[in-house]
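The values are calculated or read from the model by the stated rules, or taken from the named source; none is laboratory data. Everything quoted here is computed from the prediction, not taken from an experiment. Backbone-built Cβ (ideal geometry, glycine too); neighbour counts: all protein chains shown. Only protein heavy atoms, including side chains, enter the accessible area calculation; ligands, DNA and RNA are left aside. Shrake-Rupley method; radii C 1.70, N 1.55, O 1.52, S 1.80 Å.
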Amino acid sequence: MVSRVIPVDPFDLVIFGGTGDLARRKILPGLYRRFEAGQMTADSRIIGAARGDLTEDAFRALVAESIAEFVPKARQDKAVIGAFLQRLHYIAIDAKGDGGWAQLKEVQRDGVVKAFYFSVAPALFGDIAERLKSHGIAGRDARVVVEKPFGRDLASARALNETLRQHFKEDQIYRIDHYLGKETVQNLMAVRFANILFEPLWKAEYIDHVQITVAETVGVEGRGAYYDTSGAMRDMVQNHLMQLLCLIAMEPPYHFDPDAVRDEKLKVIRALDPVGPDAIVRGQYLAGGGQGGYLDDSENPDSRTESYIALKAHISNWRWKGTPFYLRTGKRLRARASEIAVTFKEPPHSIFDDAEGWRENVLVIRLQPNEGMNLMMMIKEPGPGGMRLMQVPLDMSFADALGADHEEVPDAYERLIMDVIRGNQTLFMRGDEVEAAWAWADPIIAGWETRADRPQAYDAGSSGPEDALMLLHRDGRRWREIR
Ligand code: BG6
């Protein structure tokens with residue numbers, strides 16, 4: 001199997017915040033990889049735009065450094081890097097003033113896709129959008145890309161949407177949730193909707209519960225100041241875990257088409273029940289393993305921000321009434337492991353006497369690392385001695401199943417940027433989707449803020465706070481081990 005790379009149309013991509021952290025770590029190395037793969041053609045241009053007074057050569061040197069740092073060595077080809085750097089330009093621009101805009105206008109050309117990446121603080125979205133319009137740089141065919149955090153609550157998300165919509169139509173706005181760009185996350189839709197196997201069982205009648213886990217080993221490191229305004233609920237649950245929940249729980253869309261998919265995701269979010277304090281556990285990591293605790297990483301020694309959260313969600317619709325969805329995510333946990341585990345119910349009647357050997361069927365979809373799928377099945381324990389049962393995994397590792405193609409898989413940002421150029425919004429969040437997710441998250445956050453709850457401390461390298469175990473024990477269930 002050879003991966004097929006289809007070149008995208010020639011484009012001009014302007015990156016506001018072109019010298020910033022995200023541009024250096026993800027956007028520019030990702031563009032290089034697409035160039036190297038032959039997907040970005042040589043008549044495309046990338047224009048870095050930022051406040052600093054850099055020369056074009058200095059910008060190219062900066063990008064060369066980030067390629068050296070963030071692109072795997074095997075993919076660094078001197079000649080290709082040289083050709084890629086030729087595609088780069090730089091304009092010093094003042095988002096809040098006049099500087100640079102006339103120059104940006106001057107370099108515009110017709111007949112190419114025009115995209116503008118707002119890799120800047122959301123407070124600047126309005127200023128940039130307005131200037132793109134007033135200088136006649138971005139017309140009806142332009143696309144704008146915005147990053148998370150998209151607001152910090154419903155009111156601010158609405159305000160951001162209004163600001164963007166003053167200048168652009170919804171079909172021009174690409175809101176990134178990088179989880180949707182992950183190959184394994186997209187695979188959730190293929191597994192559900194390209195196989196007949198699971199769909200008839202995909203409902204409360206047959207599914208006992210679902211666990212969604214995104215565990216990280218890293219702490220908040222240098223991001224304490226941002227993280228204190230966010231916490232795991234805003235940073236991960238409202239967006240990334242919510243997207244995973246939607247893809248697992250949504251009805252089959254009539255077509256793999258941007259609005260058809262997003263309409264179905266929106267219905268899931270709107271059907272979510274409020275989550276009461278008994279169904280939430282918040283945690284904060286302690287020092288350990290030679291590293292400081294959350295309070296050392298935070299700028300506030302008394303911070304009540306959670307670095308871990310576990311909660312039980314219910315979806316009130318015909319398909320899911322009664323099936324709990326347990327979500328958890330946290331930093332400084334035992335292992336980096338993201339997975340979705342769907343636990344099925346017992347068969348209606350057992351013909352075997354070996355009740356002890358019986359275990360539920362579980363479908364585990366590993367998102368990262370060691371991407372793959374596992375279906376825990378019951379079989380007969382081999383050998384004489386009667387009919388005893390045992391559980392074995394039907395195991396598929398994508399690395400084994402796909403071989404070299406698996407290594408070719410583009411990173412989430414590469415995929416998403418190419419989708420912007422192709423004009424495909426399927427893997428981007430629509431404005432109403434983001435607002436609905438905040439409408440669900442807001443009262444949950446307001447609950448612990450008004451109660452002034454403190455998160456429960458947990459050991460670095462553990463699987464999270466004790467109370468999170470209790471959240472499932474109370475329901476007669478257990479979390480899967482994080483490993
Ligand atoms: C980001 C969060 O959106 O996602 C980070 O701000 C988090 O806190 C990261 O570490 C996780 O992404 P990934 O791709 O490493 O799972």
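The figures follow:
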{"item": "Pairs, first without any contact (Cβ under 8 Å) to a residue 12 or more places away in the chain in the range 270-291, second surrounded by 23 or more Cβ atoms within 10 Å (Cβ to Cβ), C-beta under 7 Å, six or more apart", "result": "none"}
{"item": "Evaluation of Gln166 against (1) loosely packed, with under 14 Cβ neighbours inside 10 Å; (2) of a type in the set (S, T, N, Q); (3) under 25 Å from Arg223 (Cα atoms) (one fails), failing number", "result": "(3)"}
{"item": "Considering residues of the range 44-76 that are open to solvent by less than 70 Å² (accessible area, probe 1.4 Å) and assigned to a loop (DSSP other than H, G, I, E, B) only, the residue nearest to Asp9 (Cα to Cα)", "result": "Ser44"}
{"item": "Exclusive hit being without any contact (Cβ under 8 Å) to a residue 12 or more places away in the chain, surrounded by fewer than 19 Cβ atoms within 10 Å (Cβ to Cβ) and part of a loop (DSSP other than H, G, I, E, B), set Gly82, Gly97", "result": "Gly97"}
{"item": "Matching residues in the range 280-301 - criterion: being charged (D, E, K, R) and either part of a helix (DSSP H, G or I) or in contact with a Leu (Cβ under 8 Å, 6 or more places away or on another chain) (or both)", "result": "Asp296, Asp297"}
{"item": "Which listed residue, of Thr41, Thr19, is surrounded by fewer than 21 Cβ atoms within 10 Å (Cβ to Cβ) and of a type in the set (Ser, Thr, Tyr)", "result": "Thr41"}
{"item": "The range 221-232, subset within 12 Å of the ligand (Cβ to nearest atom), assigned to a helix (DSSP H, G or I) and not aromatic (Phe, Trp, Tyr), residue most open to solvent (accessible area, probe 1.4 Å)", "result": "Arg223"}
{"item": "Tabulated pairs, the range 232-252, first within 27 Å of Trp448 (Cα to Cα), second more than 11 Å from the ligand (Cβ to nearest atom) and open to solvent by 10 Å² or more (accessible area, probe 1.4 Å), C-beta under 7 angstrom, 6+ apart or interchain", "result": "Arg234/Arg152"}
{"item": "Residues that are of a type in the set (Phe, Trp, Tyr), away from the ligand (no atom under 16 Å from the Cβ) and open to solvent by less than 40 Å² (accessible area, probe 1.4 Å), drawn from the range 177-210", "result": "Phe198, Trp202"}
{"item": "Meets criteria (at pLDDT below 95, away from the ligand (no atom under 15 Å from the Cβ) and open to solvent by less than 70 Å² (accessible area, probe 1.4 Å)) for Gly322", "result": "no"}
{"item": "The range 303-319, residues that are crowded, with 22+ Cβ neighbours inside 10 Å and within 16 Å of the ligand (Cβ to nearest atom)", "result": "Thr305, Glu306, Ser307, Tyr308, Ile309"}
{"item": "Scope the range 156-174; condition closer than 19 Å to Glu130 by Cβ and either touching a Phe, Trp or Tyr at 6+ places or on another chain (Cβ under 9 Å) or within 13 Å of the ligand (Cβ to nearest atom) (or both); matching residues", "result": "Ser156, Arg158, Leu160, Asn161, Thr163, Leu164, Ile173, Tyr174"}
{"item": "Matching residues in the range 133-155 - criterion: being open to solvent by 40 Å² or more (accessible area, probe 1.4 Å) and either under 25 Å from Asp419 (Cβ atoms) or more than 16 Å from the ligand (Cβ to nearest atom) (or both)", "result": "Lys133, Ser134, His135, Gly136, Arg140, Asp141, Arg143, Lys148, Pro149, Asp153, Ala155"}
{"item": "Some residue of the range 107-122 being open to solvent by 10 Å² or more (accessible area, probe 1.4 Å), assigned to a helix (DSSP H, G or I), modelled with pLDDT under 95 and not β-branched (Val, Ile, Thr)", "result": "yes"}
{"item": "Strands (runs of 3 or more DSSP E) wholly inside the range 340-429 containing at least 1 residues that are open to solvent by less than 40 Å² (accessible area, probe 1.4 Å), among the polar types (S, T, N, Q) and within 30 Å of Asp171 (Cβ to Cβ)", "result": "none"}
{"item": "Residue check for Thr213: touching a Lys or Arg at 6+ places or on another chain (Cβ under 7 Å), open to solvent by less than 10 Å² (accessible area, probe 1.4 Å) and hydroxyl-bearing (Ser, Thr, Tyr)", "result": "yes"}
{"item": "All positions within the range 424-455 that are aliphatic (A, V, I, L, M) and at pLDDT 95 or above", "result": "Leu427, Met429, Val434, Ala436, Ala437, Ala439, Ala441, Ile444, Ile445, Ala446"}
{"item": "Identity of the residue in the range 233-261, closer than 20 Å to Ala412 by Cα and acidic (Asp, Glu), that ends up surrounded by the fewest Cβ atoms within 10 Å (Cβ to Cβ)", "result": "Asp257"}
